[in-house]
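**Q** This is the structure I want to talk about, given as structure tokens.
The values are calculated or read from the model by the stated rules, or taken from the named source; none is laboratory data. Predicted model only: the values in this text are computed from it and were never measured. Cβ placement follows ideal geometry from the backbone for every residue including glycine, while neighbour counts extend to all protein chains displayed.
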Amino acid sequence: MPADVPDGYDVLVLGGGSGGYACALRSAQLGLRVALIERDKLGGTCLHRGCIPTKALLHAAEVADTARDGARFGVNSSVASIDMPAVLRYQQGVVSRLHKGLQGLVSAATIDYFPGVGEVTSPTTIRLGDTTLTGRNLVLATGSRARSLPGLEIGGRVLTSDEALTLDVVPGSVIVLGGGVIGVEFASVFRSFGASVTIVEALPRLVPAEEESISKALERAFRKRGIVSRTGARFAGVTQDESGVTVSLEDGSTLSAEFLLVAVGRGPVSEGMGFESAGVVTDRGFVPTDDRRRTNVPGVYAVGDLVPGLQLAHRGFAHGIFVAEEIAGLAPEPVLDRNIPKVTYCDPEIASVGLTEAAARAAYGEVRSYEYNLGGNGKSQILGTAGFVTVVRAVDGPVVGIHMIGARMGEQIGEAQLVVGWDAMPEDVAPLLHAHPTQNEALGEAHLALAGKPLHAHA
Ligand code: NAI
């Protein structure tokens, strides 16, 4: 039950996703009086419609690939069938255990939790049905949702990731519109489950936000897996009937499949929330902030996907914690997009942090980079994966970017972000040992090479 707070809260948080609940938990730890308002389920997109359920699907996909490829390792195995309802039960089991845990955390903390639809009515108030909550600070954390293109209606056989996550059949064929993060992750899942997959991407390469060599390597790996990439291809329209969809492209060609997955980005959730009543300026629905997550209105902050920039759950957590500490007067270090680690969980996995080589050159002038091929890495050979680690440094300066591709390389992002986040020099990293045989050694080898003393690589 909410505590009696006649003089109002210190913090009102609107939205219980990654950004919002992290802010509420940290606020409570710091002794602030905090109310958290959520209209759906605690955990938001990440837990219920994003990171967790998709990664569960990707794990099931990996199990299928392992079974299918067993003979390569002398283990004669095969995939008899994919039981999608059972896959979904496994996926939902993971989600519901984490949801219970999160509900337990929030109820054990001194947070007043209000289920329901909140509407901002002024810079210090949120209306919730007949109740008006008052707070000295508002934190807007209403998140994002899948968006579509003008005139492209979602429904029937035209899906967003929301519908794709609950599809209880394995499609025979899928067209994926958008070769960004969501597009390549779902393409990877569908292919592993046996569907034929074509990705349509408007820009000249898949995962266009990544280093160009990573895009090339992914396209090559996907081609080997039988995934077709139509890059530089612009969507013109789609028709559907009871058996499938026909997509037309601007070059006049058409593609047919059972389903179309639309993965062209995520837009803000801010309409009808009353932000304008508080005088909060929005930009195409997003809420711009400064580095301290302040909106244009004093005392009103925004965090997570609602703030233009990388839409990642861990950015939301960090924003939420930052704002709680800021309100508590701890003057925390700002959370900047530049060094936020990114992992794309398709097969092969992509992991990166910091600047691409081109961005580093623009920022630092001359740079040095080293690409260590996983062909020289024992554990990668054991797993049978191809890929590389590229480390970019300023000349005689710190490491400013690390870019990796290959099976399981997402797990290497922890060290990569410490190196980049702490402005380490390759010479600082080179003496640190990397256990053998691990894929982690590839990171060590790249730093050894950049420090001028390569081991399992040519100088
Ligand atoms: P995205 O921005 O990563 O990719 C969308 C892609 O669609 C772009 O490559 C764009 O060029 C393409 N596109 C746009 N209009 C098009 C058109 N008319 N025809 C063809 N292609 C077109 O957005 P996505 O993949 O929907 O993901 C949304 C957000 O969710 C991203 O910020 C992503 O980082 C985040 N996310 C992160 C994950 C992770 O960290 N593993 C997993 C899934 C999503």
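**Q** Spot the failing condition for LYS224; the list is (1) under 22 Å from GLU185 (Cβ atoms); (2) touching a residue at least 24 places away in the same chain (Cβ under 8 Å); (3) not aliphatic (A, V, I, L, M), and only one is missed.
**A** That leaves (2) as the condition not met.
**Q** Sort out which residues of region 172-224 are surrounded by fewer than 17 Cβ atoms within 10 Å (Cβ to Cβ) and within 11 Å of the ligand (Cβ to nearest atom), and write them in order of number.
**A** Within region 172-224, LEU203, PRO204, PRO208, ALA209 qualify.
**Q** Would you call ASP10 without any contact (Cβ under 8 Å) to a residue 40 or more places away in the chain and either touching a Gly at 6+ places or on another chain (Cβ under 9 Å) or at positive phi (or both)?
**A** Considered against the rule, which asks whether it is without any contact (Cβ under 8 Å) to a residue 40 or more places away in the chain and either touching a Gly at 6+ places or on another chain (Cβ under 9 Å) or at positive phi (or both), ASP10 comes out as no.
**Q** How many of the residues in region 271-296 are part of a loop (DSSP other than H, G, I, E, B) and either within 22 Å of the chain's Cα centre (by Cα) or surrounded by fewer than 17 Cβ atoms within 10 Å (Cβ to Cβ) (or both)?
**A** 14
**Q** Could you list, in sequence order, all residues of region 317-327 that are touching a helix residue (DSSP H, G or I) at 6+ places or on another chain (Cβ under 9 Å) and more than 16 Å from the ligand (Cβ to nearest atom)?
**A** Answer for region 317-327, where residues must be touching a helix residue (DSSP H, G or I) at 6+ places or on another chain (Cβ under 9 Å) and more than 16 Å from the ligand (Cβ to nearest atom): GLY320, ILE321, PHE322, VAL323, ALA324, GLU325, ILE327.
**Q** I'd like the residue in region 298-316 that is part of a loop (DSSP other than H, G, I, E, B), touching a residue at least 40 places away in the same chain (Cβ under 8 Å) and crowded, with 19+ Cβ neighbours inside 10 Å and, out of all such residues, is farthest from the ligand (Cβ to nearest atom).
**A** My answer is VAL303.
**Q** Could I ask something else about it? Is there any pair linking a residue in region 111-129 that is under 16 Å from ALA302 (Cα atoms) to one that is aromatic (Phe, Trp, Tyr), with Cβ under 8 Å and at least six apart or on different chains, and which?
**A** VAL120/PHE275
**Q** For region 48-64, which residues satisfy the criterion of being more than 20 Å from ARG191 (Cβ to Cβ), within 13 Å of the ligand (Cβ to nearest atom), assigned to a helix (DSSP H, G or I) and of a type outside the set (Val, Ile, Thr)?
**A** CYS51
**Q** Return a yes/no flag: does region 65-74 have any residue that is more than 16 Å from the ligand (Cβ to nearest atom), at pLDDT 95 or above, under 30 Å from GLY226 (Cβ atoms) and not in a helix (DSSP H, G or I).
**A** yes
**Q** To continue, here is another question. How about region 297-325: which of its residues are under 14 Å from THR124 (Cα atoms) and not hydrophobic (A, V, I, L, M, F, W, C)?
**A** PRO298, GLY299, TYR301
**Q** In region 234-255, how many residues are surrounded by 14 or more Cβ atoms within 10 Å (Cβ to Cβ), more than 15 Å from the ligand (Cβ to nearest atom) and either among the hydroxyl-bearing types (Ser, Thr, Tyr) or in a loop (DSSP other than H, G, I, E, B) (or both)?
**A** Selection size over region 234-255: 2.
**Q** Something else: When ALA3 is evaluated against the numbered criteria (1) modelled with pLDDT of 95 or more; (2) out of contact with any Pro (no Cβ under 7 Å at 6 or more places or on another chain), which criterion, by number, is the only one it fails?
**A** It fails just one condition, (1).
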